[in-house]
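The values are calculated or read from the model by the stated rules, or taken from the named source; none is laboratory data. This one's a predicted model, so the numbers in the text were calculated from it and none came from an experiment. Reconstructed Cβ throughout: ideal geometry from the backbone, glycine too, with neighbour counts over all protein chains shown.
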Amino acid sequence: MAHLKISRSHNVAVWFCVASTVTGLLLLCSAYLVWPSFRARYVFNQLETLQLGHSNFDDAVRLANKIDAHPVYGPCDRSACEWDVRVGNSKLPEWWRGLGETFLVAFDVKDSVVVRKNTGYGIGTDTSTFFSSSVVLIEQEHWGRSAKIEPVAAGWQTTELYRYYEFTVYMTPKASAVDRKRYTSFNFNCFWKYRGCKDARELLPTADPFDK
């Protein structure tokens, strides 16, 4: 009987160790899977703290350090600088992520003041090449003499190869809270979704309907 009790205790201990190990591995894999989506959401939320025409060079530097953004064109100063940071899921196995996704934010300073903020979200992990489909948000205080409607102008660009190629939004700080929410409701689930998202309609589900 004593031997039987010891054997049962040993089996329970073994199964407990196996279960703990499996659970730990599952949690680790889950964290690895969803990390890019959390990171992209965090980076964008931090970008939102910069105010066009009000935030200064020091604010931009602090943000760059906080989100690990780097100057795009090398060393810069208060007269002019642009920083960017990219978040992607290229480290996930291709059989799971498919083409993958990349999220980018950038911000510009001119004469010590933040004058521009850019956000890009695209299908693909090689950002040195053309995305098969993407969402682009460009923000400035105003668009001067350009033909862009203020405070918000948005629309689709297409090609013969890619029907839903790019959805572009031009926005100023005067955009309404409703429009701002609509055009920044990015679907960060694309980062961990099996086979990812197929085009810009899924990257930004709240985008304007495609004009057929």
Select from region 126-177 the residues that are part of a loop (DSSP other than H, G, I, E, B) and of a type in the set (A, V, I, L, M, F, W, C) and write down the one among them that is modelled with the highest pLDDT. Ala175
Within region 161-175, is even one residue out of contact with any Lys or Arg (no Cβ under 6 Å at 6 or more places or on another chain), among the hydroxyl-bearing types (Ser, Thr, Tyr) and surrounded by fewer than 13 Cβ atoms within 10 Å (Cβ to Cβ)? no
Leu104: surrounded by 18 or more Cβ atoms within 10 Å (Cβ to Cβ), more than 24 Å from Trp156 (Cβ to Cβ) and hydrophobic (A, V, I, L, M, F, W, C), yes or no? no
Just a yes or no: is a residue in region 97-113 among the aliphatic types (A, V, I, L, M), touching a Gly at 6+ places or on another chain (Cβ under 9 Å) and part of a loop (DSSP other than H, G, I, E, B)? yes
Residue pairs qualifying under the 6 Å Cβ cut-off, at least six apart or on distinct chains, with the first in region 66-90 being in contact (Cβ under 8 Å) with a residue 12 or more places away in the chain and among the small types (Gly, Ala, Ser) and the second being surrounded by 18 or more Cβ atoms within 10 Å (Cβ to Cβ) and not in a strand (DSSP E or B), are Gly88/Thr125; Ser90/Gly100; Ser90/Thr125
Looking at Gly196, Gly98, Gly120 in this structure, which one is surrounded by 14 or more Cβ atoms within 10 Å (Cβ to Cβ) and in contact with a Cys (Cβ under 7 Å, 6 or more places away or on another chain)? Gly196
Unique residue being of a type in the set (S, T, N, Q) and over 25 Å from Arg180 (Cβ atoms) when the list is Asn45, Asn56, Asn65: Asn65
